[in-house]
1. What does the helix-only formula give at 222 nm for chain B: each DSSP H stretch with n ≥ 4 adding -39500 (n - 2.57), the total divided by the residues, and the result rounded to the nearest 500 deg cm²/dmol?
2. What are the residues whose amide H is under 5 Å from the amide H of B:THR96, where those residues sit 5 or more places off or on another chain and H is modelled from the backbone?
3. What accessible area, summed over both chains, is buried at the A-B interface (1.4 Å probe, Å², nearest 100)?
4. If you average 1/r over every pair of different alpha-carbon atoms in the protein assembly as shown and take one over that average, what Kirkwood value in Å do you get?
5. Restricting to DSSP loop positions (anything but H, G, I, E, B) with no more than 13 other Cβ atoms inside 10 Å of their own Cβ, which chymotrypsin sites (Phe, Trp or Tyr not before Pro) remain in the stretch A:152-244?
6. Using θ = phi - 60° and the Karplus curve 6.51 cos²θ - 1.76 cosθ + 1.60, what whole-Hz ³J(HN,Hα) does each residue of the stretch A:240-246 get, with Gly and Pro shown as x?
7. Taking all protein chains as present, what is the carbon and sulfur share of the accessible area of the protein assembly as shown, in % to the nearest whole number, probe 1.4 Å?
8. In degrees between 0 and 90, to the nearest 10, how far off the longest principal axis of chain B does helix B:155-164 point, with axes built from Cα atoms?
Amino acid sequence: MFNFWRINKKVEFTKDNEILGSLSSKNVKEVLGDSSDIIVKKVYINNDKDFNITAFGIDGMVDTNIVDNFILKPLASNEKVLRAKNEKELFNLVTDGIIYHFDQKIVEDLSKAVDSILKGLTVLVFDSLKKAVVFDAKKLAGRSITTPPNESALLGSQEAFVENIRVNTSLIRKKVKSVSLRFFDITVGITTKTSIQVVYLTNITDKDILNKVISRIEKIKSEDVISSNILKNAINDNKYSFFPQVLFTERVDKFCSNILDGKVGILVDGLPVGYIVPGVFNMFFQAPEDYDENYFISSFIRFMRYFCATLTLILPGFYVAITTFHHEMIPASLIASIIESKEGVPFPTTLEVLGMLLAFEILLEASLRLPKSIGATISIIGGLVIGDAAVNAKIISPAVVVVIAIAGIADFVMPYQPLSNSFRICRLLLVIASSIAGLFGLSFGIMVIVYYLSQMEVLGVPYLVPFVANEGRKVLHDTIIAVPSNKGMNDDE
Amino acid sequence: MNNKTEIIVFILFIFILVAWNDKIIPKRLEVSDLEPVRVIGLDNNKENILLSIVRDESTDKKEGEDGNSQEVVSISSSNFEKALRALQNYKSKQFTGGHIKYVIIGEDMAKNNFLNAIDFIVRDVELRLTSEVFIAREMSASDLMQNETESIEKISDVLNNLTKNINSFSYSKEETILDILPLLVTKNKSGLIPTLMPAGDNKYNTEWEVESSNKKESNSVLQFAGFAIFKNSKLIDYLNLTEARAANFVNNLVSNTVISIVGENENKNEVSLEIISSNTNFDFKFDGDMLTKIIVKNKNKSNIIQMVLQDEELSIDLVNKFEEKLANIIEKEIENVIKKSQELNADFLNFEEKLKIKHPYKYRKIKDNFESIFKTVPIEVVVESKIERSYDFIDFERD
């Protein structure tokens, strides 16, 4: 992630995936080194100093109560254990049920034992047998399930994903009680060993897409998978495109409804969001509450989203084009007020618009990075105080402020932020095209964007489906309007 | 290069080619460098022509400065195009004709050089064919505009208001450049173009008088002054307000107007009727292929909006009498305008067009002689008026 400094510092790193040697407590200790959070506990059976096994765990990740009461206590006090003569007998007793635990595995490989310790499991190493028994006694530290902080909806479920992947899979399982639901576990990240779960339904998910997703994730060779960017880059067909091709959501219901539509879901351990592929254009205009509202209201809101997307994309460029090249298109009363507002402003309209768009981006970025309480202050200072002062100082014209404000507000109507970000980039390009060639430039820019989106594919699915490549079918089905769903109706109804 | 790259390179090449081509892309001009013109006046000026515009001076004024904010700029030249170009260099800002909404043509130009004026507007790519045309009645366009600049009201706003409320009296109609083009391209074609005059001038308007505490103001606003009659692309005569309304009755352009009749009581109190709808149909009578008679049938509906009764009730008989009187007034008005049309031998009421639509085969046989036929053909006017409401507490009831 932040690898750039390595080039300058010329620090040599060795890869830590080459764990060689037989499974023994000494080798485990050597591999893990002298890290202070590693707990190593020698358990002497019947107080015999020559008869011992070693327990490994990571402080903070293992639940010490479970380990003490259900793993160590039987080893110290159970009569059968005390009668055991050697490690083999003890190993058989442990695996046969002296230590009863639901999730218990036997490993014979040093690397697997080390991986288990790093994942927060408790490992009992039997040196003479070169075997280990792994118990899942993890302490589920982390946030509890909360409401989605960034995707709030008035209606519908209020459960959001958390950082713990197992909690997330259980949330999905709770909603989709289907025998077809599958979780495919892949561990990526040479250093981070991040667990990734590919979620799908065996009966409806396209096998080609699923296989592509799995193979692309398995090919990730990065040292760390802490952020989602590596995952997205691995999955995306169009790596240099700034249009989103993966839908992410923190809402469990949205994730599940996409899985039920046959899409492939991805969960990453440590990230409180779920990823849906393939992400196509139309998906980014859908919001969970669309399906809870009356279809007429939903359709109106959906239509407004498309309208606002068009508005935010075109309005600044259109303003530049008509005020610089096609003045006769402006109604007479409006041109009078535009001229009046522009009186005394030294900059050309193009510079004004570009400057305001950049100022808007700066304000947006500044308010995102600050705590919420200060963020509001930035909006007030940036939007009201500086804006008003700039207008009064004749640095920008009020008409431009209005245009950028409308475009900015329309931008926030879009429910998916990455798409909104892409539109903001396109908006800048369209302003530049309009400033070069007026409405011709604007039309040209729009044509290029539409062409680019039309030919784009995500995991073999056209990006603009169902508007393209669907033989005209279902163009208005759950797109610009939300038609009443027949789901839940009997066939004969 | 793969296909995608080739397409992108080709598209970019086209874009660059077009973007730097002045013939395709309009000239880059900041909106703040422009001064849009909304009203122009076209006049004859001895041997030359005179192009006048009204410019808003409010942008030149300092804060707190009060008073007239309009300036009429007139340029005299041998032709309009030269005048227009000269005008663009007159001030620090460039005048733009793309927003011209009203074209006022002076009487002299309308009489002697109307074709020249319209030709200039039609050929100039910047000017709009949807601009509305007015004739300055018995004065030049620049004088009319000059008169208006004494008012604090902007001439374009006044014209805007006039055209918005054109139906309040139905004394005029909206005519765009596009509407009057047939007048120029068809031989012997006649038509009507609305006229304007200063509001304080009561020469052609005896129906009302405007008074304002600001004496200057009451004399400077504009009002309709009937229609100018055009034949063969020349102004030949005018219709006053009542005649203009009658012409509108014939052409089904009356949607609302007020007509007063004399009441039936001893004091002969005036009764005002508001025409709420009017419809005129035409019946053409033939003897063989010969047009022998035209019957103009008008049916109108009205409400009583002002009436003073003395010791009498509003009975159905009284209403019938009102209806009869109203019908007679409208009949008389229409007859007068038709008479004028026949006297001038100018079919500005478009009987020829109506005949062509209703009897296309018979029209084809007489179309070459229509002008002489129209001059002598008897035209009968039949008007049927119906009063709908009296707005009395107890309304009258018909059987």
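The values are calculated or read from the model by the stated rules, or taken from the named source; none is laboratory data. Please read all numbers here as calculations on a predicted model, not as lab measurements. For neighbour counting, all protein chains shown are included, and Cβ atoms are generated from backbone atoms with ideal geometry for every residue, glycine included. Each accessible area value is taken on the protein alone, full model and side chains, heavy atoms only, with ligands, DNA and RNA left out. Shrake-Rupley method; radii C 1.70, N 1.55, O 1.52, S 1.80 Å.
1. Details: 13 runs with 137 residues, N = 399.
When only DSSP H runs of four or more count, the value is -10500 deg cm²/dmol.
2. Amide H neighbours of B:THR96, under 5 Å, 5+ apart: B:GLU35, B:VAL37.
3. By this definition, chains A and B bury close to 2300 Å².
4. Details: mean 1/r = 0.0275 Å⁻¹.
Final number for the Kirkwood radius of the protein assembly as shown is 36.3 Å.
5. Here the chymotrypsin sites (Phe, Trp or Tyr not before Pro) that fit, given the DSSP loop and packing criteria, are A:TYR240, A:PHE242.
6. Karplus values, whole Hz, x for Gly and Pro: 9, 7, 9, 8, x, 10, 10.
7. Result for the protein assembly as shown: 54 percent of the exposed heavy-atom area is carbon or sulfur.
8. For helix B:155-164, the angle is close to 40 degrees.
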